[in-house]
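All remarks here apply to the structure that follows.
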Amino acid sequence: HLFETDELTNWEEAAQRDQLIAEVVFNRPLQESYSYLVPDELRDWIGPARRVKVSFGRGHKTTIGFCVGVRPWEPTHHKLKPIIELLDREPLLDDHMLELTRWIADYYLCGWGQVLESVIPAGVKKKAGTRLITLFTVPERVRQNRDALSLSAKQARVLDLLCESPVPLPIDV
């Protein structure tokens, strides 16, 4: 670790300019949110009121937190850790409920993550009574650039079907 620094090189900073930052809170008595880099594969899925798995603290302990906001990357003096996994594809709360949990945390002087942990039913967090269904959709940036892709006729037809569908398609279509 002789040459490791927390400062970003010019090329690292340039690569991060189009990155998104997720603000994450934890089920701990902490008042602030923590910033994490959103990996490219999660860009289209990340959003407020979704749980994420991240590395937290100097010990890099894997912890589950709640994304409470997403913003464009801004230069910082330290490296941000990436989100390890997105646990929920859909928000667990609507905007009004998320705002209410923020108010509760401020009013009762407790951590926002603690309030979020207490209002989300255990069955939702454990996905009780649910089943996993794989759905296919095309990210907007692929839709906009699909003419530039080198695809076989079959691949182009599949992409066309996915793009024409008004809803994500299940794997058995």
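All of the numbers you see were taken from the coordinates with simple rules; none came from a lab. As the structure is a computational prediction, the values presented were derived from the model and not from experiment. Note: ideal-geometry Cβ built from the backbone for every residue, glycine included; neighbour counts use all protein chains shown.
If I ask for residues that are buried (at least 17 other Cβ atoms within 10 Å of the Cβ), among the aliphatic types (A, V, I, L, M) and in a strand (DSSP E or B), which ones from the range 57-87 would you list? Scanning the range 57-87 gives Ile64, Val68, Leu86. Filtered by the rule that a residue be polar (S, T, N, Q) and closer than 18 Å to Glu41 by Cα, the range 119-168 gives Thr134, Thr137, Gln144, Asn145. Pairs are defined by a Cβ separation below 6 Å, a sequence spacing of at least 6 or placement on different chains, a first member in the range 33-57 that is closer than 18 Å to Trp112 by Cα, and a second member that is aromatic (Phe, Trp, Tyr) and crowded, with 19+ Cβ neighbours inside 10 Å; the pairs so defined are Arg51/Phe66; Val54/Tyr36. Checked against (1) in a loop (DSSP other than H, G, I, E, B); (2) of a type outside the set (Lys, Arg); (3) surrounded by 10 or more Cβ atoms within 10 Å (Cβ to Cβ), Val124 passes all but a single condition, namely (1). Within the range 88-116, the set of residues being part of a helix (DSSP H, G or I) and touching a strand residue (DSSP E or B) at 6+ places or on another chain (Cβ under 8 Å) comprises Leu98, Arg102, Trp112, Gly113, Leu116. Any idea which residue in the range 15-46 is surrounded by the most Cβ atoms within 10 Å (Cβ to Cβ), counting only those that are closer than 15 Å to Lys79 by Cβ and hydroxyl-bearing (Ser, Thr, Tyr)? Looking at residues that are closer than 15 Å to Lys79 by Cβ and hydroxyl-bearing (Ser, Thr, Tyr), I get Tyr36. Taken together, the residues in the range 146-173 that are polar (S, T, N, Q) and surrounded by 10 or more Cβ atoms within 10 Å (Cβ to Cβ) amount to 2. Is there a residue in the range 54-73 that is closer than 22 Å to Val124 by Cβ, in contact with a strand residue (DSSP E or B) (Cβ under 9 Å, 6 or more places away or on another chain) and of a type in the set (D, E, K, R)? Checked against the condition, which is being closer than 22 Å to Val124 by Cβ, in contact with a strand residue (DSSP E or B) (Cβ under 9 Å, 6 or more places away or on another chain) and of a type in the set (D, E, K, R), the range 54-73 yields no hits at all.
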